[in-house]
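Since the structure comes first, as structure tokens, the remarks are kept for the end.
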Amino acid sequence: MARLSKLSLCAVALMSAAALPAAGATTLVGHVAAKAGPQNARVWIIQLLNTGTNTASSARFTGLTLTQTSGAACTPVVTPPSSYPVALGDIAPSAAAGANFTIDFTGCPNNAAFILAVPFSADSGATTGTVVRYHQYR
């Protein structure tokens, strides 16, 4: 068994501490919670989960794009629940909030695949990111 020197142990401890989020951080992760409805009015529920220790204040989605990666070319039409930005409100630690986006996939074959990108922000722009999901089908 290899022996670690005191210097090695200090380096491991420093690396571990650097990888942790700052105390009181807001950390948001997103996903597609559900998809339902007919081809011309599919409802995709996009959610953000706050895995941080602080409330995410005034969270919002600032857009939604679908980039086609396979299947016969088509152009889905996205209708957000309101104009952008779509307000989600405050998200407490360990809580989630989401929004329903209606997407018209008329003319898209069943095998049409997309990359979903949903940019978001919270905390007056201090927390930002993009929910990205590959291989999304209607």
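Yes/no matrix, rows are residues, columns are (1) over 16 Å from the mean Cα position of the chain (by Cα); (2) assigned to a strand (DSSP E or B); (3) at pLDDT below 95:
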| residue | (1), (2), (3) |
| --- | --- |
| Val32 | no, yes, no |
| Asn40 | yes, no, no |
| Ala59 | no, yes, no |
| Gly63 | no, no, no |
| Ala73 | yes, no, no |
| Cys108 | yes, no, no |
| Ile115 | no, yes, no |
| Phe120 | no, yes, no |
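Among the residues of segment 102-138, just one is within 18 Å of Thr51 (Cα to Cα) and of a type in the set (Phe, Trp, Tyr), namely Phe120. The set of residues in segment 42-57 that are under 25 Å from Ser124 (Cα atoms) and part of a strand (DSSP E or B) comprises Ile45, Ile46, Gln47, Leu48, Leu49, Asn50, Ala56, Ser57. Take Phe61 and decide whether it is under 13 Å from Ser121 (Cβ atoms), of a type in the set (Phe, Trp, Tyr) and in contact (Cβ under 8 Å) with a residue 12 or more places away in the chain. Here the answer is yes, as Phe61 does meet what is asked. Condition check for Gly89 on (1) closer than 27 Å to Tyr134 by Cβ; (2) at pLDDT 95 or above; (3) in contact with a strand residue (DSSP E or B) (Cβ under 7 Å, 6 or more places away or on another chain): one failure, at (1).
Within segment 37-50, being surrounded by fewer than 15 Cβ atoms within 10 Å (Cβ to Cβ) and β-branched (Val, Ile, Thr) holds for one residue alone: Ile45. Considering Thr102, Thr67, Thr79, which residue is in contact (Cβ under 8 Å) with a residue 40 or more places away in the chain, closer than 16 Å to Lys35 by Cβ and surrounded by fewer than 16 Cβ atoms within 10 Å (Cβ to Cβ)? Selected residue: Thr102, the only one of Thr102, Thr67, Thr79 that is in contact (Cβ under 8 Å) with a residue 40 or more places away in the chain, closer than 16 Å to Lys35 by Cβ and surrounded by fewer than 16 Cβ atoms within 10 Å (Cβ to Cβ).
The values are calculated or read from the model by the stated rules, or taken from the named source; none is laboratory data. All values reported here derive from a predicted model rather than from experimental measurement. So basically every Cβ, Gly included, is an ideal-geometry build from the backbone, and we count neighbours across all protein chains shown.
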